[in-house]
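Scroll down for the structure; my scribbles are underneath it.
The values are calculated or read from the model by the stated rules, or taken from the named source; none is laboratory data. Given the structure is predicted, the values throughout are model-derived calculations rather than measurements. Don't worry about glycine lacking a Cβ; one is built from the backbone with ideal geometry, like all the others, and counts go over all protein chains shown.
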Ligand SMILES: [Zn+2]
């Protein structure tokens, strides 16, 4: 099990200066390496399958003569076969060339020596931190060029401005890096920075090992986020057989944040509205100031702090809600929402002469904002984490049709978004539409765990109709 634990750093003044210098150097390096990749990518772009897109198409010996064809393997387990046995051993020669091409990552990593020669300040930076920058460029380019399982790639990577590059990572930290200094204060021993005091407000759980550490700059100071791992903790979820008594269905929505099948309506708390109001006040004042003037900077900082406050309030509230929802049940059924496709711009509508016609985007923009405010994606993640922690279970259900069918008799009752009441002409059910959805989600979830051919509302309706026609004659 991999977890992330975040602590507030309390660096001394000189350490703070080093951190901000490193961030600026890492950012410059990132932008330079990204430009290298993008320039090459745009110049040598080839149709799909003509060549592997993440390596150079130019013959190696022509441009990368200074890179040795083999480099000595210094670390164990770099290359493994399908059984997980190491192919290369310590001291073995390790080829830099794959299918006749040099991988970009290798080229740029080898080129770091040149960077240190040309720009002496990079010698003060820890080498693994610098290598991690190259790793980040590689990840960004992979996301851009290699399609994921749905065949989608991310957009063109952006260069990072001063306020958009806020972290650097140590890829190899361990528990021994957390020590006490002479005054008995907890410190993290960051190589080349020194003993940085930090607020050790919760201990790293027994059995977990620190793997990596990332220093993050936020508006109110620096933080360190440790990745910790315990291989002994199983990743699989517990198999609890859901029944009507130990489970509940949950419908997420904007009018009520969540409605459970027990009939509990959870509202969005008032302090969100309060902060939102304060934010719009500050932003109106910011618009009247001269850009980059002293009062403008002060206001800008206030706004950033308020954004941070809102994000923290939301996170805290969502955690409390998740624990509350699990307090009286073992299994929770949830709609399998595709958040990214909910928050999307409407398709442009074109007239006969190619002019833009109204397409309902302005009203959708308001909805998109509310959807992003609600942060359902984050909430689902938190629910999954809490379920794992408590040894309980989350089951996702196909959301199609959950608002259009009656939970009791599976009769179709069509409603538009503005109709808030569900009344079924067939069986006479009268209840709130979200409550109906929550009950239906629980019903479908229970059916899907009991019978194999039911996975969604539609299949449930079909099975129900087939049964009914069998019962008639
Ligand atoms: Zn009904």
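Applying the selection to the stretch 413-423, what residues are modelled with pLDDT under 85 and within 14 Å of the ligand (Cβ to nearest atom)?
413, 414, 415
Does residue 400 satisfy the condition of being in the same structural domain as residue 333 (by TED's automatic domain parsing) and within 16 Å of the ligand (Cβ to nearest atom)?
no
A quick yes/no check of all residues on (1) modelled with pLDDT under 90; (2) under 16 Å from residue 4 (Cα atoms); (3) assigned by TED's automatic domain parsing to the domain that holds residue 165; (4) part of a strand (DSSP E or B):
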position: 206; (1), (2), (3), (4): yes, yes, yes, no
position: 212; (1), (2), (3), (4): no, yes, yes, yes
position: 217; (1), (2), (3), (4): no, no, yes, yes
position: 227; (1), (2), (3), (4): no, yes, yes, yes
position: 231; (1), (2), (3), (4): yes, yes, yes, no
position: 242; (1), (2), (3), (4): yes, no, no, no
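Across the stretch 383-395, which residue is farthest from the ligand (Cβ to nearest atom) among those that are touching a residue at least 12 places away in the same chain (Cβ under 8 Å) and buried (at least 16 other Cβ atoms within 10 Å of the Cβ)?
Across the stretch 383-395, the extreme among qualifying residues is 388.
Is it the case that some residue within the stretch 99-106 is at pLDDT 85 or above and either in a helix (DSSP H, G or I) or over 19 Å from residue 192 (Cα atoms) (or both)?
Scanning the stretch 99-106 turns up no residue that is at pLDDT 85 or above and either in a helix (DSSP H, G or I) or over 19 Å from residue 192 (Cα atoms) (or both).
Applying the selection to the stretch 277-292, what residues are free of Cβ contacts under 8 Å to residues at least 24 places away in the same chain and surrounded by 13 or more Cβ atoms within 10 Å (Cβ to Cβ)?
Matches in the stretch 277-292: 285, 286, 289.
Being surrounded by fewer than 18 Cβ atoms within 10 Å (Cβ to Cβ) and modelled with pLDDT of 85 or more is the filter here, so list the residues in the stretch 370-381 that pass it.
Across the stretch 370-381, the qualifying residues are 378, 381.
Check off (1) in a loop (DSSP other than H, G, I, E, B); (2) away from the ligand (no atom under 11 Å from the Cβ); (3) without any contact (Cβ under 8 Å) to a residue 24 or more places away in the chain; (4) surrounded by 12 or more Cβ atoms within 10 Å (Cβ to Cβ) for residue 426 and give me the number that stays unchecked.
(2)
Name the residue, out of 286, 321, 299, 337, that is within 23 Å of residue 386 (Cα to Cα), modelled with pLDDT of 90 or more and not assigned by TED's automatic domain parsing to the domain that holds residue 222.
321
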